[in-house]
Amino acid sequence: MNADGSGEWVALREDDGRAYLLRRAPGEVKVKGLGRFDAEQLLNGYSIGDRISVGQKSLTIVDPALPEARRNMARRAQVIGAKDSGFLISWMGIGVGSRVLEGGHGSAGLAMHLANVLGSSGTLISVESRPEHAEVGRANMERLSEVLPEFPDWH
């Protein structure tokens, strides 16, 4: 991220909780549900907590976190949801600093929750045998690494 805030990820949240994740950068982007616009121009002069209008929608600018990243992730394989991820993480006693080997990475649904829990002192090794799923999962995890304040050592 630059000193002026360009390049950072931000989330735009509707009152009903729906969120859109976008990078504050020059150039036109297409955001499903909002349309086409230049994110840097749209967000210029606004900061976290401010309300802005995009078309007919009134949105709040928020710091993105796991929920926004999950709602905006690319999907190819079946995704393990938040409820199941939470159960698995709790049941296995996974916490900050744990080392986890994940088999069947897919679109990275579980891996995103694991990364959030592990923090920067944890290690996550994800294995996926299908290249088309691995590619989508890798892209989701790379974006999450830019969104979360702490990210584990991930392979």
Task: Answer residue from the range 1-15, given it is of a type in the set (G, A, S) and out of contact with any strand residue (DSSP E or B) (no Cβ under 9 Å at 6 or more places or on another chain) and is modelled with the lowest pLDDT among those - done: A3
Task: In the range 16-32, residue farthest from M141 (Cα to Cα) [restricted to those that are out of contact with any Asp or Glu (no Cβ under 9 Å at 6 or more places or on another chain) and either modelled with pLDDT under 90 or surrounded by fewer than 17 Cβ atoms within 10 Å (Cβ to Cβ) (or both)] - done: D16
Task: Within the range 95-147, considering residues that are of a type in the set (D, E, K, R) and under 21 Å from D63 (Cβ atoms), the one surrounded by the fewest Cβ atoms within 10 Å (Cβ to Cβ) - done: E142
TODO: Could you pull out every one of the strands (runs of 3 or more DSSP E) wholly within the range 1-107 that has 1 or more residues that are more than 21 Å from W154 (Cα to Cα) and without any contact (Cβ under 8 Å) to a residue 40 or more places away in the chain?
DONE: 19-23, 28-31, 35-38, 51-54
- [ ] Mind counting the residues in the range 62-80 that are loosely packed, with under 15 Cβ neighbours inside 10 Å and of a type in the set (G, A, S)?
- [x] 1
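The values are calculated or read from the model by the stated rules, or taken from the named source; none is laboratory data. Predicted model, so just to flag it, every value in this text is computed and none were measured. Because the Cβ atoms are built from the backbone with ideal geometry, glycine has one as well, and the counts that use them run over all protein chains shown.
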